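Peer 1: This is the structure I want to talk about, given as C-alpha cells.
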Amino acid sequence: VEEETRQRAEAEAQRAAEEEARLKVEEEARQAAAAEAQRSAEEAARLQAQEEAARLRAEEEERQRVAAEESRQAEAVAARLKIEQEAARQRAEEKEALRVEEEQRAEQERLRLEEEARQRAEAEAAQLRAEEESARQRAEEEQQRQREAEEARILAAEAQAEREAQARREAEEAERLAAEAEEQQRRVKEERERSLAAEETAAMLNAEAVSPIEIEGVAETVETIEIESSAVIPSVDPLIERNDGTASGWIDVDISEPEIVRQSEPIALTPFDETATQPELLFAEPALQEAEPIVQESKEIEPSGFSIVEEHSARPVSKEIDYAVQEKGLAEFDEFSSVPGAILKRLGSESTEERASAVADLARVGSDDSFRQINAAFDDPALEVRNAAARSLFGLNADRAATFTRSLRESPPERRRKIGAALASSGLASEAIGQLMGESREKTYDAFSLLFLMSKAGEVQPLMRAIEEHPNNEVRLAVVKLLALSGQQEILPAFRRLAVRGSLPTEVRSAVMEAIYQISSQSPTPA
C-alpha cells in the first residue's frame, strides 16, 4: 500500500512537473505575446488580466480539489502552490510595471499632442490676425480712396455753384449800378435845369424895377435852389462806401437796401459845376461807366436770400451738396447716387416681401451707397428683411470678410447682434460650416472668417450644434479651434458642458479641453 501510495505520489509529482513545465511554456508564450502587444490599448490589457486571473482561480480550485481527494500529503502540492503563487505575484508585478509604463507613454503622447495643438492654434491665430489686418488695411485704403473721390466731387460741385452765383451777382450788381448811374444823371440834369431857371429869374428881376421885399424873396428862393443843388453830389456819397479791408471772405448784404455798396476803390465822379453847360453834363455818363468795372472787382456781395455755404466736416457728403443747393438757391444738384430711385422707394414699402426684395437687389448695384442701405436694413423689424440683408451683404463684394468686418465696425452693438443672428438664421452660417473642410482655400478662408465674425458678434449656437452633431470630426475640431481663437469668456460654460459629455469623440473632447485652457488663460488675472 505504501508503495502504491509512493508511486501515486511520484506520478502526481511527475504530472505536477509536467503541468508546471506546460504552464511555464504557456507563460513564456504569453509573455512573448505581451511583449509584442505592448502598444495595445489599456482596456485589452485589463480584460486579458481578468481572463488570466479567472483561469488561475479555476486551476487553483482544481488543484485544491485534487489535493483534498489524494490525501494529506500536501507538502509537495503546497510547495508547488507556493511556487505558482510566487510566479503569479511576479507576473502581476510585471503587468503592473507594463501598465504604468503604458500610462506614462500615453501621458507623454497626450502632452505632445496638446503642445502641437496649442502651437497650431497660435500659428493659425497669428495668421488670422495678419489676414484680418491686411483686410482691414485694404478696406481703409478703399474707404480713403472713396472719400477722396467724393470730396473732389463735392469741391467741383461747390466750385461750379460758386461760379454760377458769382456770375449772377456780377450781373445783378452791374444792372443795379447802371440804374443808379442813370438815376443820378437824371437828378443832376433836373437840378441843373432848376439852377438855370433860378439864374434866369434872378436876371429878369435885376432888369426890372422891383421892390426890395420882392428882391429879398427872390434871393431867398435862389439861395434855396443853390442849397438843394449843392446837396445833389453829397447825396451820392452815401451810395459808395470804401472797403477798408475789415471784411473777409463772403459777406451778407440785403439788396432790398441798396444805399451802401462796398467798393475796393472810390468812384471818381465828375464834380457838379453850376456853370457847366449841357454837353458837360453828358460827359459825366462815361465817368460813371468807367467806374462800373471797378465795382465789379469789389468784394463779392450776396443778395438777400443767399447765405454763406460753410464747410462742415461732420455733415455727410450728400447732405453738404443739398445744403449748398438749398442755401444758395441753386437748381437741384445731381448727386449721382448709384442706388436707383425705384429700389429706394421699395425699401420704404410697408410690405415685408417688397423690402426684402429691394435689399436683395442692392447687392447687384454694388456700391458704397448700396452698402449703407444694406447695413441699415439690419435694423428692420422683419426677420425676412434682415436675412435678405445678410445674403445681400455676402454677395456685395468678393472680399466678404472685409465687407462684414466693415459692417460690424460701423454698427452699434445692437445692430451687431442682429447681424450675427441674421448670419445664423439666413443659412449662411450652416453653409460656411460645410465649407470649412472644402478643397478651395479661398472658400475655406471665407467660411472661417465669416464664422469667426459671427462668433465675435455674439452668435455661437450654430457652432455649438456643429461641435455636438456634425458627422465630420475634422469640422468639429475646426469649429472648436475657431471658438478658441475668438477668446470669448461667455462660451466657457458651454465648453465645460461639452467636455463632460461621453458622446463626444476623444479627440474632440481633448480639443474642447484645450480650448477651455486657452480661453481661461486669456482671462485677466484679478488684482
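Peer 1: Treat each spin label as a single point 7 Å out from the Cα along the C-beta direction, and report the Ala159 to Glu384 distance in nm.
Peer 2: So the two model labels end up 4.9 nm from each other.
Peer 1: How far, in nm, would the chain grow between Ala167 and Gln522 when pulled straight, counting 0.36 nm per residue and subtracting the alpha carbon separation?
Peer 2: Working it through step by step, the gained length comes to 121.1 nm.
Peer 1: Continuing with this model, one more query. How would you classify the range 340-459 from its alpha-carbon gyration tensor, with a ≥ b ≥ c the square roots of the eigenvalues: rounded for a/c under 1.5, else prolate if a/b is greater than b/c, otherwise oblate?
Peer 2: Verdict is prolate for the range 340-459.
Peer 1: Between rounded, prolate and oblate, where does the range 435-527 land on the alpha carbon gyration tensor, with a ≥ b ≥ c its root eigenvalues, rounded for a/c under 1.5, else prolate if a/b exceeds b/c?
Peer 2: oblate
Peer 1: When the Karplus curve 6.51 cos²θ - 1.76 cosθ + 1.60 is applied with θ = phi - 60°, which whole-Hz ³J(HN,Hα) does each residue of the range 402-418 get, with x for Gly and Pro?
Peer 2: Computed from phi, the couplings for the range 402-418 are 5, 5, 5, 4, 5, 4, 5, 5, 8, 10, x, x, 4, 5, 4, 4, 5 Hz.
Peer 1: Report the net charge of residues surrounding Phe378, where surrounding means a beta-carbon distance below 15 angstrom and charges are Lys +1, Arg +1, Asp -1, Glu -1.
Peer 2: +4
Peer 1: With the crude spin-label approximation of a point 7 Å out along Cα→Cβ, what separation in nm comes out for Arg89 versus Met464?
Peer 2: That separation, rounded to one decimal, is 5.6 nm.
Peer 1: Using 0.36 nm per residue of separation minus the Cα-Cα distance, give me the extension gain between Leu113 and Glu490 in nm, one decimal. Before the final figure, lay out the partial values.
Peer 2: Values: separation 377, 0.36 × 377 = 135.72 nm, distance 2.62 nm.
Separation in residues times 0.36 nm, less the Cα-Cα distance, equals 133.1 nm.
Values in this text are rule-based calculations from the coordinates and carry no lab data. What you are looking at is a predicted structure, and each value in this text was computed from that prediction instead of being measured. All Cβ positions, glycine included, derive from the backbone under ideal geometry; neighbour counts span all protein chains shown.
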